[in-house]
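This report concerns only the one structure given below.
The values are calculated or read from the model by the stated rules, or taken from the named source; none is laboratory data. Fair warning: this is a prediction, and the values are worked out from it, not measured in the lab. All Cβ positions, glycine included, derive from the backbone under ideal geometry; neighbour counts span all protein chains shown. Ligands, DNA and RNA are stripped out before the accessible areas are found, and what is left, the full protein with its side chains, is counted by its heavy atoms. Shrake-Rupley method; radii C 1.70, N 1.55, O 1.52, S 1.80 Å.
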Amino acid sequence: MKILVCISNVPDTTTKVKFTDNNTKFDANGVQWVINPWDELALTRALELKDNAANGITAVSVIHVGNASSEPTIRKALAIGADDAYRVNAEPTDAYNVAGQISEIVKSEKFDIVFCGIESSDFNGSTVGSMVAEFLDYPSVSAVSGLNIENGQTVITREIDGGKEVVSVPAPFVAIVQKGIAKEPRIAAMRGIMQARTKAIKVSEPVAIDSLTEIVTFELPQPRAKCKMVDAENPKQLIELLMNEAKVI
Amino acid sequence: MSVLVFTENWDGKFKKSSFELASYATKVAEMLGTTATAVSIGNVDDSELKSLGNYGVKKVMCVKNDSLNVHDSQTYTKVIAEAAQKEGAKVIIIANNNTGKALAPRLSVRLKAAIGSGVNKLPLSVNPFVVVKRAYSGNAYAQVALKSDIKIITLAQNSFELIETPNDAAVEAFAPSIDASMVKTQLKDVQKQSGKILITDAEIVVSGGRGMKSADNWAPLSELANLLGAATACSRPVSDEGWRPHDEHTGQTGKIIAPNLYIAIGISGATQHIAGVSSSKFIVAINSDKDAPIFEAAQYGIVGDAAKVLPQLVEAVKELKGK
């Protein structure tokens, strides 16, 4: 079985967010780019599954839709342990377009399991994974917090309101993963970093797919009013404020 | 033409979030000069279905089919897409919860409909159709134009008020063209906790961080939560340490919530934590470090030790709320 992990290239999660061009573009000046945190967990789980030979995973690939400037992030995924990578050479315009590009590669390269993180930390859409599945007419399982292979069958744990369900779907399928899928993201070792230099990044040109959305403008959240401090010797005052001023309890 | 809203049920009942969706759909329909129709999947009785009418929905399409007892995203998507086509829906509204996140993107591809996800207010305009969504994990908002003929909105929970516009909703059975062979998801086991207030449903959340010092110190926090009818939550280090279960972790990589009141106790307020709670209407911070970043996100704060402040808060609630 072959696994494909979809990778988004996002600003480091501690980045101070700013915009340029009349608030229509993210200000990338001085920004550190990283693998989207959930995609990193997805990659980690894929590699853990491959580590156990009994699971029969023959390769773990990653895919990214983006221009050449995102290659350091792809190399990082290779250094962590992915066998090879695909890059669709296109500026990502919207989720529909990105998902369409990924589906084309899945179709031609025939992956059995496609992993996607629940959302990207920049656009917070939570859309690409399920869109890929619908483009391909594959089953998809969302909110996945555990995935194992038992006797050749995938056993998936998904989160539901107030609990969990254990389900299985036949391959090929898309798993949209979240917290719990792997404990800690795997970190690249020196050997992996050396090997990554020679691993292949297969670059392809995008197919013609529409974009259905367009960013009009970004806005920064309104700064919150200054915090009203209550004396630690008189916490009762806090409860009074919440009852009479904020009126939330 | 109409606005279609998918109202999920939980063991045959709707929740407050279902009525928020109905209220929202009714308002969007007004903006478009049309009416809202709800679609419900599963065994929900007529009086419950009709209750959606209290929030302005004119018609409820009710799908009862045993093949749909297991949540299978592919099949559910087919059902909602068929309902949308039958209604000539121009806008489809779904909750931005686990179910909505599983279905809305599939519908988007199936109907070639642009999607605005995690939207927290009414569209700014309908021609062009512009919605506002959360971006950069709560550090920004994006105005997004949805350019396709059909549009999909997933509505963030607790972001829209209930608006009662009572009317007698017509309940109609709807039989989509699906059968059991389409359902690829096989359910093997369900583990449900009962009786616990869900963090994502709660209007008040009381949350503890490393400043709680140990798992053994949680009793007064839980008591405060009980008195306030609140859910309990925690920061990432707390769930990583195993002091509290993982499903209580709020923050960027855990649960993203928007309660009316979020009380953060002994939580310093790392960017990643704030990202998960910044949509709360009010944030209260209790922390021994006066320079902790949580105070920048909070409206009310106490600089003090959790172990000392918490029991006094419990007493104050008992006294003032008469419990």
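The table below lists the values:
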item	result
Relative contact order of chain A, defined on C-alpha pairs under 8 angstrom at six or more residues apart (%)	24
Percent accessible area from carbon and sulfur atoms, the protein assembly as shown, protein chains only, probe 1.4 Å	49
Size of electric dipole in chain B: Cβ of Lys, Arg +1 and of Asp, Glu -1, about Cα centre, debye, nearest 20	700
Å² per residue, accessible surface of the stretch B:2-182 at 1.4 Å	34
Loss of accessible area when A meets B, both sides summed, Å² nearest 100, probe 1.4 Å	7300
The protein assembly as shown, helix-only ellipticity at 222 nm - DSSP H runs n ≥ 4, -39,500 (n - 2.57), divided by all residues, nearest 500	-8000 deg cm²/dmol
Dipole of the protein assembly as shown, positive end: most advanced residue of A:THR24, B:PRO128, A:ALA232 [Cβ charges, Cα centre]	A:THR24
Net charge over other residues, Cβ less than 14 angstrom from the Cβ of B:GLN85 (K, R count +1; D, E count -1)	+2
Fluctuation leader among A:THR58, A:THR217, A:THR93 - chain A, Gaussian network, Cα springs under 10 angstrom	A:THR217
Computed accessible area, A:LYS2, all protein chains, 1.4 angstrom probe, square angstrom	60
Distance between the stretch B:126-152 and the stretch B:246-320 - C-alpha centres, whole angstrom	30
Positive minus negative residues near A:ASN36 (Lys, Arg vs Asp, Glu; Cβ under 9 Å)	-4
Count of lysine pairs in the stretch B:47-105 with Cα separation under 14 Å (8 or more residues apart, or interchain)	4
Solvent-accessible surface (1.4 angstrom probe) belonging to A:SER8, in square angstrom, nearest 10	30
Peptide B:294-306, shielding by other chains (average Cβ, 10 Å cutoff)	5
Average partner coverage of B:179-189, which counts Cβ from other chains inside 10 Å	4
Point-charge dipole on Cβ atoms (K/R +1, D/E -1) for the protein assembly as shown, about Cα centre, debye to 20	460
Ranked order, A:MET131, A:MET190, A:MET229 - accessible area, probe 1.4 Å, largest first	A:MET190, A:MET229, A:MET131
Sequence of B:LYS59, B:LYS196 when ordered by accessible area, the most exposed leading, probe 1.4 angstrom	B:LYS196, B:LYS59
For B:67-78, mean number of other protein chain Cβ atoms within 10 Å	3
Accessible area of A:THR198 in the full protein assembly, 1.4 Å probe (Å², nearest 10)	120
Candidate residues A:LEU41, B:LEU187, B:LEU310: accessible-area rank, largest first, probe 1.4 Å	B:LEU187, A:LEU41, B:LEU310
